[in-house]
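Remarks on the structure that follows.
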Amino acid sequence: MKGKHIYFIFIIFIVACAVQPSSKIKSLEGSSKDYQTYIKKEFIRGEVLYKKYCASCHGIFGPGNADAPNFTSIQLHNYNAAFIRSDKENHAVAQGLDDESFQSIMTFLSYRLP
Ligand code: HEC
């Protein structure tokens, strides 16, 4: 009986870890509850997509390649603009990311605490 309890607690722990983003999000204090909920959802989704499409070259979750930059807000802005105008040089365009996935990644990168 006792053994089963421990097993159950362990499962809860694993599930709780799985739904938490591993990155910290900037404070959303002062924004409406709806906006906060929306951004948090996008942030979690963006983190998963970032790991899938970007982390092989860029840092955050690993060392990253030396020639791939860390993200300043200006770089993110330029990157976003390049995506919107479907610039073939933009690697999210090159990877065929859809608008929603791209915006989630941008939300993740913009709201992430370094
Ligand atoms: C194959 C490796 C690779 C992958 C995958 C990759 N990048 Fe990059 N990224 C680079 C390199 C190298 C540079 C620097 C040269 C350049 O600007 O193209 C760069 C530059 C950037 C810049 C700076 C652009 C600027 O205008 O200053 C941003 C922002 C960026 N990447 C975001 C992303 C995002 C978001 C993803 C995932 C959708 C991603 N990258 C996937 C290699 C990669």
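Below are the figures for this structure:
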item	result
Selection from region 21-33 of residues that are within 20 Å of residue 47 (Cα to Cα) and modelled with pLDDT of 90 or more	24, 25, 26, 27, 28
Residues (within 11 Å of the ligand (Cβ to nearest atom) and not hydrophobic (A, V, I, L, M, F, W, C)) located in region 43-60	46, 50, 51, 52, 53, 56, 58, 59
Test: residue 104 is at pLDDT 95 or above, among the hydroxyl-bearing types (Ser, Thr, Tyr) and crowded, with 17+ Cβ neighbours inside 10 Å	yes
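The values are calculated or read from the model by the stated rules, or taken from the named source; none is laboratory data. Because the structure is predicted, anything quoted here is derived from the model rather than measured. Positions of Cβ are generated from backbone atoms using ideal geometry, with glycine treated the same way; all protein chains shown enter the neighbour counts.
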